[in-house]
Amino acid sequence: MRPLLQTLLIVTASLLPLAALAQSPGGAPIESSVEFGDQTSSYELHYSLVPSAFLSDAVAAAYGVTRANNRALINISLRETLADGGTREQTAQVSGSYTDLIQKKTLEFREIREQGAIYYIAEFRHSDREMLRFDISVTTPSGAQKTITFSRTLYVDE
């Protein structure tokens with residue numbers, strides 16, 4: 001397993017107990033995956049936010065990620081569900097934006113391919129205790145589309 005994927009999986013897994021406490025403004029838990037599909041295929045869309053400071057210096061340098069207490073990554077991956085119940089990595093067109101109280105900003109996603117994984121990351125800055133709303137659109141190679149919207153309050157650790 002490559003360093004960035006391994007690090008993101010470890011960070012995401014270690015934050016799962018905290019995810020149960022994270023709630024959207026309406027009080028519903030923020031999901032980390034959704035299922036959707038079309039006539040030909042079904043998919044699992046996985047998403048997470050990761051503080052960039054959680055990455056090691058070596059991993060951040062290898063993938064061109066800026067480590068800072070006021071920066072985070074959004075990580076998107078798409079898995080196609082197979083007939084046998086398993087899944088496999090899938091390419092996608094990913095776009096999105098985030099909105100604070102004043103303005104909307106575009107997220108610039110880039111694709112990262114590793115053995116057995118394809119994922120899309122975008123970096124962004126945030127302020128302490130800032131509530132951000134994310135709108136992410138994903139289109140599969142077969143043309144199926146899914147839009148996810150969620151809000152999260154982000155903090156700057158000093």
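The values are calculated or read from the model by the stated rules, or taken from the named source; none is laboratory data. Note that the structure is a prediction, hence the values are computed from the model and not measured. Neighbour counts are summed over all protein chains in view; Cβ atoms, including those assigned to glycine, are modelled from backbone coordinates with ideal geometry.
Hey, could you check region 25-41 for residues that are loosely packed, with under 15 Cβ neighbours inside 10 Å and of a type in the set (G, A, S) and say which is modelled with the highest pLDDT?
Step by step, filter region 25-41, then rank; the result is S33.
Kindly indicate whether Y119 is assigned to a strand (DSSP E or B), surrounded by 12 or more Cβ atoms within 10 Å (Cβ to Cβ), of a type in the set (F, W, Y) and at pLDDT below 95.
The answer is yes for Y119.
Of all the residues that make up region 92-116, how many are surrounded by fewer than 19 Cβ atoms within 10 Å (Cβ to Cβ) and in a strand (DSSP E or B)?
Residues in region 92-116 being surrounded by fewer than 19 Cβ atoms within 10 Å (Cβ to Cβ) and in a strand (DSSP E or B): 12 in total.
Could you list, in sequence order, the residues of region 53-71 that are under 30 Å from P141 (Cβ atoms) and either touching a Ser or Thr at 6+ places or on another chain (Cβ under 6 Å) or part of a loop (DSSP other than H, G, I, E, B) (or both)?
L55, V59, G64, V65
When you check T147 against the structure, is it among the polar types (S, T, N, Q), in a loop (DSSP other than H, G, I, E, B) and either under 15 Å from the mean Cα position of the chain (by Cα) or more than 20 Å from S33 (Cα to Cα) (or both), yes or no?
So T147 does not fit the description; no.
Checking R129 against (1) modelled with pLDDT under 95; (2) of a type outside the set (V, I, T); (3) surrounded by 12 or more Cβ atoms within 10 Å (Cβ to Cβ): exactly one of these is not met. Which one?
(3)
Could you please give the count of residues in region 72-115 that are among the charged types (D, E, K, R) and within 24 Å of S142 (Cβ to Cβ)?
9
So in region 125-144, with the set limited to residues that are more than 12 Å from the chain's Cα centre (by Cα) and not in a loop (DSSP other than H, G, I, E, B), which one is nearest to D38 (Cα to Cα)?
The residue in question is T139.
Please work out which one of (1) surrounded by fewer than 18 Cβ atoms within 10 Å (Cβ to Cβ); (2) among the polar types (S, T, N, Q); (3) touching a residue at least 60 places away in the same chain (Cβ under 8 Å) is the condition T140 fails and give its number.
(1)
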